[in-house]
Each structure stands twice: as structure tokens, then as C-alpha cells.
Amino acid sequence: MGNLLRQNKYTEPVFKRKKYLSCGLDEKSFSVLIEMKSLILEFNKSRIQKGSQEKFESEIITQDKKKSKALIVIPKGWLNSESVEGRTQGLQIKFLIEGLRNIGFDISVFEVSKRNCDLTPIKNKLEEFNVIFIWSLTIISPGDEFYEYLKYISKSDLATNKIIGVITASPSESRLVKYSKWATILGHVIYYEENSLFRQQLQKLLHTVHVPLLQLNLKGTTLSTQFSLSIHTSCLLKYNRFAWLLTLRYQCLVLGIKYHIRTMSIPLAEKKLRQLYLPSEIISEQRSKYGFGFVMVHRNHNDDAHLIGSFWDYYRLGVIPIVQMQEIKPIASYMTPYLDYFPVKTDLDLYAVLSLGKKYPEHFEELRKRILNRMNTEFSPEVVIKKLLSDSNITF
């Protein structure tokens, strides 16, 4: 049955039925449980995160001088909550704005249009800013009027080391040509993967700074008061996702777990038959009611991209991510598997995590509390943006 569901290039999921899943469950779930419990015990003893956070904050010193200024350049409409980009990128841009404001920056936002771009508001003013962000390098292209203006002025009065580009797109070698053109006028580029083959390629072109692209939590979003055995996922139908969604639904039915699967289709949306991304307020409120969030990171056969936006969609709300990947490997040095997230590759991996959630909800409640604590400390807008500026050698 698995061969009928999944795309030909993929080997997972196999779509094992209940009796076959149960055969290997005890050994698998026991190993996951032992790993999780030992990590929880270690965390409760050491409180490493709190100590490292205090150390980092003590190393950051804001200079006593006049207020710094930041310019954020975005494609037109990307802060409009009614647009697709406003719903997928808007909260990430607002996270950047919030962090900059919290550490004393005055913020200006300049929206770039593909055609008839009016540069009057920024002409002869770029040198006034301590730092300039260009969000994103995939949409604002070399050859556009804004790019040509920036290229011209950077050769004269503008210091390129204070210009930071942001990459939000999936890793793609074809995009490296575009980024190589940006490299002539940028000091740094932000990329959301900490360690990957694509980042290594990017680093050859530009000084690459890893920053997780977190979203700002909306005021009024009600976070869950305790872990609930339930799972939520929301995704575009592409790659091999359909097979995994059917597998997820089947296992939830077998285990009697509450689930919510929201699929999106670009062809149906273009025909006005299906809505794409929901307003941020609605989807955040919906997600926050679930215990697990199911995230699929594959971008093609044998090509995964870690720490994508949907991971943080759940993590920031205290919803524990279950991350389906084609090869089990760490997603970041500051993210611990079985403590911050649960990596899964096979049907049995997924079934083991869901089964443990049913047997030991109290352990997952500890993980949920820890995640929310990290979001309030290590991943607050102020801390993340301070580290970004420090890594980019931007003084403020």
C-alpha cells in the first residue's frame, strides 16, 4: 500500500498497519523514553540554558550614545496581514522590528515595488542608518531599480558592512547565481540553517550569519496550560507529504489521538476553491491547543531544510515539534533531539512518539514548560537580535 501512496523516489513511509507497528514498538519506544528521561533529568540538575543565557547577556554592552537607526527593506505588502506573504513572512519581520526596538533602535521600513519603485524616501539618507536589512534577497532581485541604486551608492558613500541580507527561500543551487550578485554590495547575509551543505556554499559567497527566523507571538494568543495528547499539522501539498499525512491520520485513529490536518493546494487556491494561509491570529490560536506539531522538512528527494518556519510556528507556542526528515541528524547545536523536538524517519519512529505521548503525558508536559521558558529567555526578540548584531559586527 505504501508504494501507492508515496512518490517513487522516496522510501518512506511504508505505511505499516497496526500489527506490524506493534511488533517493533516496545524496543523503539523504550529507547526513545530512556533518552528523553535522561535528558530531562540532566536538564533539571544543571539548568544549562539559564547559565548560558546570563553569560551571553553579560557580554553584550550597549554603548551610551545617541539612538541608533535601522532600515528594513521589504517587498511591498509583506507586512500586510491580508496578503499571503504577510501571513508567512510578516511575523518574522515583526520579530526583527521588536528586537531592534527593544535594544533602542529607531525603525524605518521601506517597501520595494518591482515596477515604478519610488526611491525618494531613502535617497541620500542610507548613510544615516547604523544597519540596513534587505528582506528578502530572493524576491528583491539584481536588476531591480532598488538593487541598482544600492549598487551605485555602495561604491561611494555607503559602508557595505552594515547591509545585511535575509534569505528565506528553500536551499537551491540555482539561486546561488542571484546571491553571488548580491555579494558585491552586501556585508552579511542571514540564513536560517545553522549547518548544511547549502550554507557552506553560501559562505563561499558571503559572510553568512545563522539566525533562526522566529515569528513574533501575537498578543492575545492563549497558550495551552498543559500538554494535551493531540497533534496538529498544516502544510502545502507537495513533495512526499500526502503519504505522510495519510500515515499520520491512520496512526492517530489507531491510537485514539485527537488530530487536525490542514492541507493547502496552490492549484485549488488559484481557482478560488481553497484558501491558502489563514490569518496569523487564527492559525496561532488553533495550533496552541495541541500537544504536538508535525513538521516535514524535506524539500526534494534526499534534500532536507531544517529550522524552517513551520518548526518555529509550533515551538514558539510550546507545541512540541515532531520533525519528519529523510536522514536523522541534528537540526542545530542549540536544539537537543528528544528534548526540544522528536526526529522521525519511519512509520515506527512516529508511532513510538505518539504512543509515548499517550502513556507518559507528564514527561511531555516537562518538555512543554522548558520550551516556553526558552522562548521567553534565549529566543526572545531582544536576545536574538542582539546576538545577530554582535555576530555581524554591528555596533549600536
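Derivation of every value follows stated rules applied to the coordinates shown; laboratory data play no part. Since the model is a prediction, treat every value here as computed from it, not as a measurement. Note: ideal-geometry Cβ built from the backbone for every residue, glycine included; neighbour counts use all protein chains shown.
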Karplus-derived HN-Hα couplings along region 196-206 (A = 6.51, B = -1.76, C = 1.60, θ = phi - 60°), whole Hz, x at Gly and Pro: 7, 4, 5, 5, 4, 5, 5, 4, 5, 9, 9
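Tell me which GluC sites (Glu not before Pro) from region 309-396 have a DSSP coil assignment and no more than 11 other beta carbons within 10 Å of their own. Don't skip to the answer; put the middle values down first.
Values: sites: Glu327, Glu362, Glu365, Glu366, Glu378, Glu382; in loops: Glu327, Glu378.
Sparse-neighbourhood loop GluC sites (Glu not before Pro): Glu327.
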Zone residues, region 63-92, relative to Ile283, backbone N less than 19 Å from point 7 Å out along Cα-to-Cβ: 75-92
Loop trypsin sites (Lys or Arg not before Pro), region 200-272 (other Cβ atoms within 10 Å of the site Cβ: 15 or fewer; DSSP): Lys204, Lys219, Lys238, Lys271, Lys272
Degrees separating the helix 48-59 axis from the principal Cα axis of the chain, which is the longest one: 0 degrees
Highest-first arrangement of 211-217, 112-118, where packing means the average Cβ count within 10 Å: 211-217, 112-118
Share, in percent, of DSSP beta bridges within the chain that are antiparallel, nearest 5: 5 percent
The chain: most fluctuating residue of Asn300, Asn130, Asn44 per GNM, C-alpha cutoff 10 Å: Asn44
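All other residues with a Cβ under 15 Å from the Cβ of Gly143 taken together, and with Lys, Arg as +1 and Asp, Glu as -1, what is their net charge?
+3
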The chain: angle of helix 25-46 to the longest principal axis, Cα-based, in degrees nearest 10: 50 degrees
On Cα atoms only, tilt of 381-391 relative to the major axis of the chain in degrees: 60 degrees
Helical contribution to [θ] at 222 nm, DSSP H n ≥ 4, -39,500 (n - 2.57), averaged over the chain, rounded to 500: -12000 deg cm²/dmol
Structure-derived volume of the Cα convex hull per residue in Å³ - corresponding label in (1) 148; (2) 158; (3) 171: (1)
Straight-distance crosslink candidates among aspartates and glutamates, where the alpha carbon sits under 17 Å from Lys272 and sequence neighbours closer than 8 are dropped: Glu82
Whether region 209-279 is rounded, prolate or oblate, judged on the alpha carbon gyration tensor where a/c under 1.5 counts as rounded: oblate
Packing-based exposure ordering (other Cβ within 10 Å, fewest first) of Val14, Val131: Val14, Val131
Listed residues Arg199, Arg374, Arg274, most fluctuating in the chain (Gaussian network, C-alpha, under 10 Å): Arg274
Out-of-range pairs (alpha-carbon distance over 30 Å; input Lys69/Lys151; Lys162/Lys329; Lys94/Lys151; Lys125/Lys387): Lys162/Lys329
Residue-count net charge about His188 - beta-carbon cut-off 12 Å; Lys, Arg +1, Asp, Glu -1: 0
Sequence-distant aspartates and glutamates (8 or more away, or on other chains) whose Cα lies within less than 16 Å of Lys76: Glu85, Glu111, Asp118, Asp144, Glu145
